[in-house]
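Take a look at the structure set out below.
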Amino acid sequence: MLSVAEALSRILAETQALPAVTLPLGDALGHVLAADVLSDMDSPPFDKALMDGYAVVASDIRSGGTRLEVIEEVTAGVVPQRMVASGEATRIMTGAPLPEGADAVIKVEETELDGGDPRQVRILADSTLPGQNLIRRGTNKRTGEVVVQAGTLLRAQELAALAEMGCHEVRVFPQPRVAVLATGDELVPIHSQPQPGQIRNSNETMLCAQIKQAGAIPVPLGIARDERSELAARIDAGLEADVLLLSGGVSAGVLDLVPSELQQAGVEQIFHKVNVKPGKPLWFGVLRQSDQSKLVFGLPGNPVSSMVTFELFVRPALRRLMGVDPAEPQTVSVRLAHSHSHRDDRPTYFPASISLTGDGLSVSLAKWHGSSDLQSTVGTNGMVAFPPEPIEYSAGDTVEVIRWSGEFS
Ligand code: AMP
Ligand code: MG
């Protein structure tokens, strides 16, 4: 059976970023930039005052009480008309361009008007240095330098830097559309009262949320019965999206029809089953097309199996489609908050809560009853990856942890 790493590498080998699109900058949050953006001007574009005060010649200020003649007042957005010579000062506001001749700004708090006359100022400070309380043109960025590199995930910080450079449209990788089809005769919509033997379709809600947390767009397709013609029709609809996720119907039951119906629809199986707990029955295939192949995942129906296999395999694929590199889930070494006796011959991903304590990160395992136990995942924010061997852990031992979608990312 494939290992988690082999299965992930087969998925990523079939996955490449979607063709880039142009978006208004305001719509680009959470997208990855597809091409470097260069600055179209210096930042700041002119020598600029950082304080409200007086623009002066620094060498004029040698002892407290220097008197200067105020020759002009410059507010933000106004261009100074007069050069400041020795013995002179310009009243200046934060953000206004520094007049020629001046090389320092004295804060207004360190000045007094002489007899209330706005044309005569007394500088209380004993001295100042050239460059005080101002920023020179191009200090932050020079024209033609890279503002944000291709491959960067756009957050508020990057969007602001691009906005400063007038980059009102950006080339980014689009968010994939991900269809979600729950399969199972026992399933009813979540607003229904289940009859004997029935359960609510919680996987659709969960997977749609995980898709959103990964930065993609969910397309819920409702419930398909375990019946060939119904499955075939829904699979065809799902293959309109960039990615199709099915939940259920991929194990060894008599009504587990998903793999054969996918192959009937032209989806090529890449693998079926992974050596992992929970999630062993995972199925993955591609619908090959001339431009972009569609990815199809048959997730095991048990809710925590679906949740975990989404995090381990689907999320990385979605991240790769969105241009994120590296796409693989990042593991962190964290100390166990308590002892734990682990015995399983499959690599196991165990729901857990990672928290920041006084002396770093620590992780507590959920009281988890296995792959159908969705309730105990409430409040968890990651999973501990246990190796396939019996180990007696003591509190303080280090374990490897993967954080759920949307946690610290
Ligand atoms: P399956 O993979 O179809 O054999 O289903 C495995 C288990 O997961 C069964 O107990 C199903 O009832 C349950 N299950 C399947 N689909 C869903 C779903 N959409 N929501 C919640 N539980 C499900
Ligand atoms: Mg089923």
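The values are calculated or read from the model by the stated rules, or taken from the named source; none is laboratory data. Keep in mind that this is a model prediction, so the values were computed, not measured. Note: ideal-geometry Cβ built from the backbone for every residue, glycine included; neighbour counts use all protein chains shown.
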Item checked: Filter result for residue 346 (surrounded by fewer than 18 Cβ atoms within 10 Å (Cβ to Cβ), touching a Leu at 6+ places or on another chain (Cβ under 9 Å), of a type in the set (D, E, K, R) and outside the structural domain of residue 183 (by TED's automatic domain parsing)) -> no
Next item on the list: Output the qualifying pairs, or none if there are none: Cβ atoms under 8 angstrom, residues six or more apart or on different chains, first residue in segment 74-87 and over 23 Å from residue 62 (Cα atoms) and at pLDDT 95 or above, second residue hydroxyl-bearing (Ser, Thr, Tyr) and surrounded by 13 or more Cβ atoms within 10 Å (Cβ to Cβ).
Entry: 74/90; 76/94; 80/90; 82/90
Checklist line | Residue that is nearest to ligand 2 (Cβ to nearest atom), among those in segment 285-303 that are closer than 11 Å to residue 243 by Cβ and either of a type in the set (D, E, K, R) or outside any loop (DSSP other than H, G, I, E, B) (or both) | finding: 297
Notebook entry, point to check: Going by the conditions given, is residue 322 more than 16 Å from ligand 2 (Cβ to nearest atom), over 18 Å from residue 379 (Cα atoms) and not charged (D, E, K, R)?
Noted result: yes
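Out of 209, 216, 224, 182, which single residue is away from ligand 1 (no atom under 14 Å from the Cβ) and either of a type in the set (Asp, Glu) or at pLDDT 95 or above (or both)?
216
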Item checked: strands (runs of 3 or more DSSP E) (entirely within segment 304-409) containing at least 2 residues that are among the small types (Gly, Ala, Ser) -> 348-357, 360-365, 382-386
Note to self: Under 9 Å between Cβ atoms, which residue pairs at least 6 apart in sequence (or on different chains) link something in segment 1-23 that is basic (Lys, Arg) with a partner that is surrounded by fewer than 18 Cβ atoms within 10 Å (Cβ to Cβ)?
What the structure shows: 10/270; 10/271
Next item on the list: Collect the residues in segment 52-78 that are of a type in the set (Ser, Thr, Tyr) and either assigned to a strand (DSSP E or B) or touching a His at 6+ places or on another chain (Cβ under 7 Å) (or both), keeping them in residue-number order.
Entry: 54, 66
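Could you check, for segment 193-200, whether at least one of its residues is more than 13 Å from ligand 1 (Cβ to nearest atom) and among the basic types (Lys, Arg)? Write out each step before concluding.
Step one: filter segment 193-200 for residues more than 13 Å from ligand 1 (Cβ to nearest atom), giving 193, 195-196.
Subsequent filtering for residues that are among the basic types (Lys, Arg) retains none.
No: segment 193-200 contains no residue that is more than 13 Å from ligand 1 (Cβ to nearest atom) and among the basic types (Lys, Arg).
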Next item on the list: Kindly indicate the residue of segment 214-245 that is assigned to a loop (DSSP other than H, G, I, E, B) and in contact with a Pro (Cβ under 7 Å, 6 or more places away or on another chain) and also surrounded by the most Cβ atoms within 10 Å (Cβ to Cβ) among those meeting that condition.
Entry: 216
Check: Where residues in segment 262-280 are surrounded by fewer than 24 Cβ atoms within 10 Å (Cβ to Cβ) and not in a loop (DSSP other than H, G, I, E, B), which of them is nearest to ligand 2 (Cβ to nearest atom)?
Finding: 272
Next item on the list: Select, from 59, 63, the only residue that is under 50 Å from the mean Cα position of the chain (by Cα) and either polar (S, T, N, Q) or in the same structural domain as residue 167 (by TED's automatic domain parsing) (or both).
Entry: 59
Next item on the list: Answer yes or no: is there a residue in segment 228-245 that is within 14 Å of ligand 1 (Cβ to nearest atom) and within 29 Å of the chain's Cα centre (by Cα).
Entry: yes
Note to self: Can you list residue pairs whose Cβ atoms sit under 7 Å apart, with the first residue in segment 185-213 being of a type outside the set (Lys, Arg) and surrounded by 16 or more Cβ atoms within 10 Å (Cβ to Cβ) and the second being at pLDDT below 95 and outside any strand (DSSP E or B)? Count only pairs 6 or more apart in sequence or on different chains.
What the structure shows: 210/405; 213/405; 213/406
Next item on the list: Within segment 91-141, work out how many residues are modelled with pLDDT under 95 and on the phi > 0 side of the Ramachandran plot.
Entry: 2
Next item on the list: Scan segment 188-200 for residues that are aliphatic (A, V, I, L, M) and either within 16 Å of ligand 2 (Cβ to nearest atom) or assigned to a strand (DSSP E or B) (or both) and jot them down.
Entry: 188, 199
Checklist line | Search result, residues across segment 143-187 that are in a strand (DSSP E or B) and aliphatic (A, V, I, L, M) | finding: 146, 147, 148, 153, 170, 172, 178, 179, 180, 181, 182, 187
